[in-house]
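Trainee: The structure follows.
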Amino acid sequence: MKALLIVDVQNDFCPGGALAVPEGDKVVPVINRIMDLFPLVIASKDWHPKDTVHFKKWPSHCVQDTPGADFHPLLNASNLKKIFLKGTKNKDDGYSAFEATSADLAGFLKKEKVDELYIAGLATDYCVKATALDADKAGFETFVVEDAVAAVNVKPGDGEKALKAMARAGVTLINSAEISKE
Ligand code: VGL
Ligand code: ZN
């Protein structure tokens, strides 16, 4: 069974948001298009308390229950089976969706008999990377949909470096056009 995990497609990571990923909103139509190819679609949300240590490294973003933490308005969120909240504690960066505190992602995927995990969303060089590496470590066959992710690029090239690091670790980089329904 394969599943699609949509990482952090939230207003604050999109143009106009508090920690905007350049062209972060470009992932939305791609994700909406591939969703139908998956029997199971889930998502993570960056979901910070307002006084987290995480905001010593980053501008304040995705604060719990604020509009910046909402999904991008054009993301088709109606098919999501479950949402995993991460970075929820004062001392927790929560880059990986496998660190979610609202529910246990690895346990959920195992219970749903997922063996192939496809990952899309934001941002390539932080939460997508951390999530993909954890998925691989947890034993899932892990795919990152290259045209459905976008990078913060604090330093130019960070996104490309992150993709290479994921590939080196055993993650398969795939284009959305190559995903088939089965
Ligand atoms: C993220 C930086 C800070 C991400 C979250 O979703 O990639 N990046 N918090
Ligand atoms: Zn964050």
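Values in this text are rule-based calculations from the coordinates and carry no lab data. Remember, predicted model here, so these are calculated numbers, not experimental data. Positions of Cβ are generated from backbone atoms using ideal geometry, with glycine treated the same way; all protein chains shown enter the neighbour counts.
Trainee: So which pairs qualify, if the first residue must be in the stretch 121-137 and outside any helix (DSSP H, G or I), the second must be of a type in the set (Asp, Glu) and buried (at least 24 other Cβ atoms within 10 Å of the Cβ), the Cβ gap must be under 6 Å, and the two must be at least 6 apart or on different chains?
Mentor: Listed pairs, sorted by first residue: 121/8; 122/8.
Trainee: Something else: How many of the residues in the stretch 99-108 are closer than 17 Å to residue 2 by Cα and either among the charged types (D, E, K, R) or under 15 Å from the mean Cα position of the chain (by Cα) (or both)?
Mentor: Of the residues in the stretch 99-108, 2 are closer than 17 Å to residue 2 by Cα and either among the charged types (D, E, K, R) or under 15 Å from the mean Cα position of the chain (by Cα) (or both).
Trainee: Are there any pairs, at least 6 apart or on different chains, whose C-beta atoms fall under 6 Å, with the first in the stretch 154-182 and among the polar types (S, T, N, Q) and the second assigned to a helix (DSSP H, G or I), and if so, which?
Mentor: From residues that are among the polar types (S, T, N, Q), the pairs are 176/30; 176/34.
Trainee: Select from the stretch 84-116 the residues that are outside any loop (DSSP other than H, G, I, E, B) and within 14 Å of ligand 1 (Cβ to nearest atom) and list them in ascending order.
Mentor: 84, 85, 86, 97, 98, 99
Trainee: Among (1) within 14 Å of residue 92 (Cα to Cα); (2) near ligand 1 (Cβ under 9 Å from one of its atoms), which single condition is residue 44 missing?
Mentor: Going through (1) within 14 Å of residue 92 (Cα to Cα); (2) near ligand 1 (Cβ under 9 Å from one of its atoms) one by one, residue 44 breaks only (1).
Trainee: Here's a follow-up. Any residue in the stretch 66-79 that is within 20 Å of residue 2 (Cβ to Cβ), touching a residue at least 60 places away in the same chain (Cβ under 8 Å), in a strand (DSSP E or B) and within 14 Å of ligand 1 (Cβ to nearest atom)?
Mentor: The answer is no; no qualifying residue exists.
Trainee: Could you list all residues from the stretch 16-46 that are out of contact with any helix residue (DSSP H, G or I) (no Cβ under 6 Å at 6 or more places or on another chain) and part of a loop (DSSP other than H, G, I, E, B)?
Mentor: Those that are out of contact with any helix residue (DSSP H, G or I) (no Cβ under 6 Å at 6 or more places or on another chain) and part of a loop (DSSP other than H, G, I, E, B): 16, 20, 22, 23, 38, 39.
Trainee: Test each condition in (1) part of a loop (DSSP other than H, G, I, E, B); (2) surrounded by 16 or more Cβ atoms within 10 Å (Cβ to Cβ) for residue 59 and report the one that comes out false.
Mentor: The failed condition is (2).
Trainee: Got at least one residue in the stretch 21-41 being among the hydrophobic types (A, V, I, L, M, F, W, C), closer than 18 Å to residue 88 by Cα and within 13 Å of ligand 1 (Cβ to nearest atom)?
Mentor: Taking every residue of the stretch 21-41 in turn, none turns out to be among the hydrophobic types (A, V, I, L, M, F, W, C), closer than 18 Å to residue 88 by Cα and within 13 Å of ligand 1 (Cβ to nearest atom).
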